[in-house]
1. Does Gly192 count as assigned to a strand (DSSP E or B), open to solvent by 10 Å² or more (accessible area, probe 1.4 Å) and small (Gly, Ala, Ser)?
2. Which one is nearest to His57 (Cα to Cα) among residues in the stretch 24-34 that are surrounded by fewer than 19 Cβ atoms within 10 Å (Cβ to Cβ) and within 19 Å of the chain's Cα centre (by Cα)?
3. Going residue by residue through the stretch 41-54, is there one that turns out to be within 20 Å of the chain's Cα centre (by Cα) and either open to solvent by 30 Å² or more (accessible area, probe 1.4 Å) or in contact (Cβ under 8 Å) with a residue 12 or more places away in the chain (or both)?
4. Working carefully through the options Val33, Val15, find the one that is within 28 Å of Tyr183 (Cβ to Cβ) and in contact with a Phe, Trp or Tyr (Cβ under 6 Å, 6 or more places away or on another chain).
5. Can you confirm whether Pro186 is at pLDDT 95 or above, more than 18 Å from the chain's Cα centre (by Cα) and open to solvent by less than 10 Å² (accessible area, probe 1.4 Å)?
6. Can you list the strands (runs of 3 or more DSSP E) found entirely within the stretch 115-181 that contain at least 3 residues being touching a residue at least 24 places away in the same chain (Cβ under 8 Å) and surrounded by fewer than 15 Cβ atoms within 10 Å (Cβ to Cβ)?
7. Within the stretch 4-34, how many residues are of a type in the set (Asp, Glu) and modelled with pLDDT under 95?
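The values are calculated or read from the model by the stated rules, or taken from the named source; none is laboratory data. Please read all numbers here as calculations on a predicted model, not as lab measurements. Methodologically, a virtual Cβ is constructed for each residue, glycine included, from the backbone with ideal geometry; neighbour enumeration extends over all protein chains shown. Keep in mind that these areas ignore ligands, DNA and RNA; they rest on the heavy atoms of the full protein, side chains included. Shrake-Rupley method; radii C 1.70, N 1.55, O 1.52, S 1.80 Å.
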Amino acid sequence: MQLQVLYEDNHLIAVNKPAGYLSQGDQTGDVTVMDLVKEYIKVRYNKPGDVFLGSIHRLDRPVSGVILFARTSKALSRMTEIFRDRKVTKTYWAIVDEQPTPIEGKLEGFIYKDAKKNMSKILPKANSNRHQGAKLAVLSYRMMGRIGSNVLLEVKPETGRPHQIRVQLAEQLDSPIRGDLKYGFPSPNEDGNINLHSRQLEFQHPVKKEPVTITAAPPVGDQLWELFSQLA
């Protein structure tokens, strides 16, 4: 696989994660994006031995787009703090087949993870005290375009809960993401992935203190994404 590097300096590296790849290792032992980035650094800079690479955040396996790693422990601790303090602006694109009503707005609820099913579930604010560990999830969305039955949404999560965008669009907006069988879309995509893409990250560099904006193009060769190629 050709790794698409979006941003790189001595402290950070960001790549355009292909849908279908794990962000980091799990029990499957499958090759991860983290493995690929480590190999890239090792070859490019002729580094002997192990390469340090810190995981700052994750993308679900069937999701594509910007994923950011730290190349030093200092950058890792500072970027972890930036993400924890919500000092990063995250923008996602999602393709659904139901035009939301209204076409832009804000969603709030409390999310908890069902570990046995590896699914997140959402509760209205009024019921948040009914499940221990439920955490507030907030996102804003707007419709960017529609072609036939395909609707492109821009989504900006303010919190970073497991499967947050997937469950909030499906349960609170009644607009599950195309291909996302887990959250109610009726049919799978041919490649088994879903049409959710991490479009952009914006933050202040942890060392240089300069604004950083990292943008990833949607997957090439995917017919649904290509419908909206004029927006990319």
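1. Judged against the criteria, Gly192 is not a match.
2. The selected residue is Gln24.
3. yes
4. Selected residue: Val33, the only one of Val33, Val15 that is within 28 Å of Tyr183 (Cβ to Cβ) and in contact with a Phe, Trp or Tyr (Cβ under 6 Å, 6 or more places away or on another chain).
5. No.
6. In the stretch 115-181, the matching strands (runs of 3 or more DSSP E) lie at 135-147.
7. The qualifying residues number 2.
Residue by residue, here is whether (1) touching a Leu at 6+ places or on another chain (Cβ under 9 Å); (2) in a loop (DSSP other than H, G, I, E, B); (3) more than 22 Å from Pro218 (Cβ to Cβ) holds:
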residue	(1), (2), (3)
Asn10	no, yes, yes
Asn16	yes, no, no
Gly20	no, yes, no
Gln24	no, yes, yes
Thr28	yes, yes, yes
Tyr40	yes, no, no
Phe52	yes, yes, yes
Asp60	yes, yes, no
Val66	yes, no, no
